[in-house]
1. Surrounded by fewer than 20 Cβ atoms within 10 Å (Cβ to Cβ), of a type in the set (Asp, Glu) and in a helix (DSSP H, G or I): is that true of Glu219 in this structure?
2. Would you mind stating whether Arg311 is part of a helix (DSSP H, G or I) and among the charged types (D, E, K, R)?
3. Which condition number does Ala299 fail, the rest of (1) on the phi < 0 side of the Ramachandran plot; (2) modelled with pLDDT under 90; (3) surrounded by fewer than 24 Cβ atoms within 10 Å (Cβ to Cβ) being met?
4. The conditions are (1) under 16 Å from Met330 (Cα atoms); (2) out of contact with any Leu (no Cβ under 6 Å at 6 or more places or on another chain), and Ser247 fails exactly one of them. Which is it?
5. Checking the condition closer than 24 Å to Gly110 by Cα, touching a Phe, Trp or Tyr at 6+ places or on another chain (Cβ under 8 Å) and at pLDDT 90 or above, which residue from Gly49, Gly56, Gly95 passes?
6. Please go through segment 323-339 and give me each residue that is of a type outside the set (Ser, Thr, Tyr), touching a residue at least 12 places away in the same chain (Cβ under 8 Å) and under 16 Å from Ser281 (Cβ atoms), ordered by number.
7. If you go through segment 91-106 one residue at a time, do you hit one that is surrounded by 21 or more Cβ atoms within 10 Å (Cβ to Cβ) and touching a Pro at 6+ places or on another chain (Cβ under 7 Å)?
8. Would you tally the residues in segment 67-88 being within 21 Å of Leu108 (Cα to Cα) and aliphatic (A, V, I, L, M)?
Amino acid sequence: MEGQRMTGTSGPIPADEGPGIIAAEPVRSEVTRQAVAVAVACAICMGFGFAPIFFGTFPQFLEPVSRQFQWSAAIFPQAMLISGVTGALSGPLVGRLIDKLGVRKVLLPGLVAWAATLVAMSFLNGSLVMLYVVSALMGPLAATCGPVGLAKVVSSWFDRSRGVALSAILGGSVAIFTALMLVVARALIIEIGWRETYLVLAGSIVLIALPVSYFLLREAPHSVSPSMAMMPGSAVEGVKPTAAFTSRAFWTVMLSSTLVCASCSGVVSHFVPWSAERAVSPGIATFALTLYSLVGPFAALIAGAAADRLRRPGMLAIVFMVPLIGFLAMLTSQDWAVIIGLTMMGAGFAAVAGLLPFFTSRYFGLANASTIFGVAIGLTTLSLGIGPVLLGVLRDKWGAYAPGSPIVVGALILGAVLAASFPPYPRSNGGETSP
C-alpha cells in the first residue's frame, strides 16, 4: 500500500493521510518556463476561438447584417443556435479524436478550418440555406481548436492550481480577447463593412493563433506526476464516459452552467436593442458591453482560486448568483445600474464558463477528459445559441424585451439553486475514481 501511494498509481488519497506523504517528498512547483509558455499559447488560441471571435463580436454584427437582408431579430441569432447544436453533436467525436490522436493533430488543422467558416460568413447573401449550412459547419470545426482540447492541455500541466489556470486561460483570456475584439469589430464594421471585418478576423486566426500554437502548444510529457497524484481530490485514473454521462454530478453541473450561460448570452446578444428600448444611450451601452468582457479575467481568477481551496463545490453557488443580482439591477433602467448590472453578468458568465472544465476534471479525471468535456462544452455552446434565439423570439412575439425578463430571472435562480446542490468531489476507491 505504501508503495502504491508513493508512485501515485492508486489515485487520490484521503486528505488526512496527505500531509505525511507530502512531507516525505516535497512537491515541486508546477510553474515552470515550459508550463508558462504552453499556458500563454493556450490563452492566445482561446482568444481567437469561437467565443471571442464569433459570439463575442455578434452584438456588433447583428444590426448591420439583419438590416442588409431585412431579417427579423430572431433570424441571424439562429447562426449561434445552429453552430451550438452541431458543436454539441460533434463534441463527443472531437473529444474522442483528441484523446486518441493527441491535441496538436486535431487542433492545428482545426484552426485553418475554423478560419474558413468566417470567410464563408463574409459571403452571406440573404439566403437562409447558406446561413444554416455555414453555421452548421462552424460548430464542429470551431470545436476542434477550442476548449475541448485546450482544457486537457492545461490540466496536464497544472493540478494544485488547476482552478486558477483553467479559469484564467479558458475564462479570463476569452474575456480579454472578447473585449478587444468587440472594439476592433465595431471600428472595422464602421470603416470597411461587416463582410470585410469577417475576413480580417479569419486572417488573424491564421496569422497569429496558428503559428503560436504550432511552436508552443503541447501536452505535458506525463499528464500527472507522482507528486501531483498525492494531492487530495486529484483524479488520476479517470471515469469512463458512460459512467460520467449517467452521474448526478455531470447533469447537475451541466444544468446549472447552461442555464446561467444561456441567460447571459441572450441578454448580452440583444443588449444594444434592449438598452435602446429602455432609453439607455449608445455610449453607455458600448461602455457596459466593454466592462462585461473586461471584468471576466478578474472574476475567473477569483472563482478559480476559490475552487482550488474549497472542498465543498456547493459553496461555489455564490458565483452562480452574481449574474442574477446583476440582471435584477439592470431592470431598473438607470444608467449606473445598467453598467454595474451588465458588468456583474459578465463576471458571473466568465466565472461559470471557467469553472466548467475544472468541475469535469475534478469529478471525472483526465483519462477521458476530452471526451467528457467535449460533451460538456457542446451542451454549453448549445445553450449560448438558445439564449439569443429564445429572447429574440419572445421579443418578436410581444414587441418588447420586458415581458421576457421573468423568464431570464427564473433561469438564473434555478441555476444558482442547482449549483448549491453540487455533490462532493469523489475519492479514490482502489485506484478507480467514481463520480
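The values are calculated or read from the model by the stated rules, or taken from the named source; none is laboratory data. Quick caveat, the model's predicted, so the values are computed rather than measured. Glycine also receives a Cβ, built like all others from the backbone with ideal geometry; neighbour counts cover every protein chain displayed.
1. Values: surrounded by fewer than 20 Cβ atoms within 10 Å (Cβ to Cβ): yes; of a type in the set (Asp, Glu): yes; in a helix (DSSP H, G or I): no.
Considered against the rule, which asks whether it is surrounded by fewer than 20 Cβ atoms within 10 Å (Cβ to Cβ), of a type in the set (Asp, Glu) and in a helix (DSSP H, G or I), Glu219 comes out as no.
2. Working: part of a helix (DSSP H, G or I): no; among the charged types (D, E, K, R): yes.
Criteria not met by Arg311.
3. Just one mismatch for Ala299, condition (3).
4. Checking Ser247 against (1) under 16 Å from Met330 (Cα atoms); (2) out of contact with any Leu (no Cβ under 6 Å at 6 or more places or on another chain), the one that fails is (1).
5. On the way: Gly56 fails: at pLDDT 90 or above; Gly95 fails: at pLDDT 90 or above.
The conditions single out Gly49.
6. Once the filter is applied, which keeps residues that are of a type outside the set (Ser, Thr, Tyr), touching a residue at least 12 places away in the same chain (Cβ under 8 Å) and under 16 Å from Ser281 (Cβ atoms), segment 323-339 yields Met330, Asp335, Val338, Ile339.
7. Going residue by residue through segment 91-106, those that are surrounded by 21 or more Cβ atoms within 10 Å (Cβ to Cβ) are 91, 94-95, 97-99, 103, 106.
Next, only the ones that are touching a Pro at 6+ places or on another chain (Cβ under 7 Å) stay: 94.
Yes, there is a match, as at least one residue in segment 91-106 is surrounded by 21 or more Cβ atoms within 10 Å (Cβ to Cβ) and touching a Pro at 6+ places or on another chain (Cβ under 7 Å).
8. 1
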